[in-house]
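Below: one structure, written as structure tokens.
The values are calculated or read from the model by the stated rules, or taken from the named source; none is laboratory data. Just so we're clear, the structure is a prediction, and the values are computed from it rather than from any experiment. Please note: Cβ atoms are built from the backbone with ideal geometry, for glycine as well, and neighbour counts cover all protein chains shown.
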Amino acid sequence: MRWWPMPERLSAREILALVADEATFSELPGRIREPKADGPLGWQGYDASRARATARTGEEESVVCGTASVKGAPAVLIAFEFGFLGGSLGERTGDRLEAAYHHARAHRLPVVPLIATGGSRMQEGMLALSQLQRVARESALTREAGLPQIAVLRDPTTGGGWATLGAGADVVLALPGAQVGFAGSRVRPPDADPAAYSAGGQVAVGSADAVVQPAELRETLGRWLRLLTTPAQEAPAPPALGTAGLPATGWDAVQRARSPQRPRAQAYLDAYFTRRLDISGDRCGGTDPDGMLCGFGERDGRTVAYAAQTGAATRPAGYRTAARLIRLADRLDIPVLTLVDTPGAANDAEAERQGAGAAIAEAFGAVASARVPITTLVIGEGGSGGALALAAPGNTWATPDSYFSVIAPELAAAILKRPKDEVEATAEQLRIRPQDLVELGVIRGIVNHLP
């Protein structure tokens, strides 16, 4: 087994060699301004510091930019050299980054920032900090052009580099043990929890998607690049995996949908895709791994995005993650499959504090405004607006062991002040069976229905 150095020991050239296919990296020349004596502020000793950094690293600036193939997928790679003044951003760094993004858009290539930076260069003052605006604009233009950006967080990823190239990417991967946070170790409060500034900590709160071992980085990046650049034309509804016969009554539909033996989202996704990769988190401090699965998968050699409820009550972070997934897929022209299976949105006090209403509204809005095809399959419980938020208008299907209802029959009976022994009759009145939903025009049809 090959030994890899710790993340902080990887130079720009080492991370490029780790990621790029052999002999495919070609450095971009870029437009680099001539340095002024001791920089734009005339900072005494700055020239000597840059000279030492060049002697130590062999680089003339803190980033190395070029094109390469990653497991056969072409991309623009941006590798930070932390040994050059802490990988800090200055005017010449901004020049190189701008040129790299221009090249990516001109040649329709995805961008992969391999970040290791301590932030903006103090010896250039506000001129250094303003490079973040240049970087943010280039990233935004690349996003508008429909090109994916996949960031890799090395050690350390702090300051403006994290707040632009890192956190602003479509998919965020991190090397294990990397320090990741807006505040670097020298400027944090003395009582700060170091776990909050780690790669694992950022994944836990939904600010990054996954921690990837160095030995697996090229393969993982290659898979992400292929998935985000090979869209399918549509997302056909999956076949039903459970019971084929239709429920006799509304309460029968409810019981079948709630059965522990009924196939859940994981089974449907495994059957539908050859392989898939998950995204994680809402980028607002939350995840919902028990309630929502989101990501991109390969089907017949092309990519379909998915947002799948797992049968649990969906939390606000789940809806926001699904909305993030749908917006990203829409921008990359990738069709979306949504699987509906929830008794409803989480409605506890903590969910309300986390903005349940706003999160559900965000999911409704993402589905309503998407330009790519969205296909929905109700695979279990379709509980109220918490389920409807993921349903594609005019292209929703159902399995025979599912139901879709304005509210759970028990809650409907309670609201109507009916006794418990009238719950089954209430379920029948709600007309929630798959065949009722077809007749009412709520869904297009029942998948794999055997008459």
Exercise. So which residues in the range 420-451 are buried (at least 18 other Cβ atoms within 10 Å of the Cβ) and among the hydrophobic types (A, V, I, L, M, F, W, C), if there are any at all?
Worked result: V423, A427, L430, I432, L437, V442, I443, I446, V447
Exercise. Residues in the range 85-103: is at least one more than 16 Å from L165 (Cα to Cα) and assigned to a loop (DSSP other than H, G, I, E, B)?
Worked result: no
For this session: Could you check R431 against (1) touching a helix residue (DSSP H, G or I) at 6+ places or on another chain (Cβ under 6 Å); (2) touching a residue at least 60 places away in the same chain (Cβ under 8 Å); (3) under 14 Å from G250 (Cβ atoms) and say which number it fails?
Result: (1)
For this session: Please go through the range 380-415 and pick out each residue that is part of a loop (DSSP other than H, G, I, E, B) and within 26 Å of A358 (Cβ to Cβ).
Result: A389, L390, A391, A392, P393, G394, N395, V406, I407, A408
Exercise. Given the conditions (1) over 26 Å from E219 (Cα atoms); (2) touching a Leu at 6+ places or on another chain (Cβ under 9 Å); (3) surrounded by fewer than 18 Cβ atoms within 10 Å (Cβ to Cβ); (4) in the same structural domain as E362 (by TED's automatic domain parsing), and given that A271 satisfies all but one, which numbered condition is not satisfied?
Worked result: (1)
Problem set entry | Residues satisfying the stated conditions in the range 186-229, i.e. part of a loop (DSSP other than H, G, I, E, B) and exposed (fewer than 14 other Cβ atoms within 10 Å of the Cβ) | R186, V187, P189, P190, D191, A192, D193, Q213
For this session: Name the residue, out of A235, A196, that is among the aliphatic types (A, V, I, L, M) and at pLDDT 95 or above.
Result: A235
Exercise. L277: assigned by TED's automatic domain parsing to the domain that holds A73, of a type outside the set (S, T, N, Q) and either surrounded by 17 or more Cβ atoms within 10 Å (Cβ to Cβ) or more than 19 Å from G311 (Cα to Cα) (or both), yes or no?
Worked result: no
Problem set entry | Members of the range 298-320 found to be under 14 Å from A356 (Cβ atoms) and not in a strand (DSSP E or B), listed by number | A313, R315, P316, A317, G318, Y319, R320
For this session: Please indicate, with yes or no, whether at least one residue in the range 264-286 is under 21 Å from P434 (Cα atoms) and part of a loop (DSSP other than H, G, I, E, B).
Result: yes
Exercise. Could you say whether any residue in the range 145-168 is in the same structural domain as V76 (by TED's automatic domain parsing) and over 19 Å from I78 (Cα atoms)?
Worked result: no
For this session: Considering every residue within the range 379-389, establish whether at least one is assigned by TED's automatic domain parsing to the domain that holds C284, among the acidic types (D, E), surrounded by 20 or more Cβ atoms within 10 Å (Cβ to Cβ) and at pLDDT 95 or above.
Result: yes
Seminar exercise, completed: A careful count of residues in the range 97-132 that are crowded, with 21+ Cβ neighbours inside 10 Å and over 17 Å from L41 (Cβ atoms) gives 14
For this session: Take the residues in the range 28-52 that are closer than 20 Å to A100 by Cβ and buried (at least 16 other Cβ atoms within 10 Å of the Cβ), then tell me which one is nearest to the chain's Cα centre (by Cα).
Result: L28
Exercise. Considering only the range 352-373, how many residues are over 16 Å from A387 (Cα atoms) and hydrophobic (A, V, I, L, M, F, W, C)?
Worked result: 2
For this session: Given the conditions (1) within 21 Å of H102 (Cβ to Cβ); (2) part of a helix (DSSP H, G or I), report the number of the one that E124 does not fulfil.
Result: (1)
Problem set entry | Enumeration of residues in the range 289-340 that are of a type in the set (K, R) and more than 23 Å from S207 (Cβ to Cβ) | R299, R302
Exercise. Hey, V171 hits all of (1) hydrophobic (A, V, I, L, M, F, W, C); (2) within 17 Å of V64 (Cβ to Cβ); (3) touching an Asp or Glu at 6+ places or on another chain (Cβ under 9 Å) but one; which does it fall short on?
Worked result: (2)
For this session: Among the residues of the range 328-370, write down those that are within 19 Å of the chain's Cα centre (by Cα), assigned to a loop (DSSP other than H, G, I, E, B) and without any contact (Cβ under 8 Å) to a residue 60 or more places away in the chain.
Result: A370
Exercise. Given (1) closer than 30 Å to E422 by Cα; (2) touching a strand residue (DSSP E or B) at 6+ places or on another chain (Cβ under 7 Å); (3) charged (D, E, K, R); (4) not in a loop (DSSP other than H, G, I, E, B), where does R256 come up short, assuming only one miss?
Worked result: (2)
For this session: May I ask you to say which residue of A196, A174, A237 is among the hydrophobic types (A, V, I, L, M, F, W, C) and free of Cβ contacts under 8 Å to residues at least 24 places away in the same chain?
Result: A196
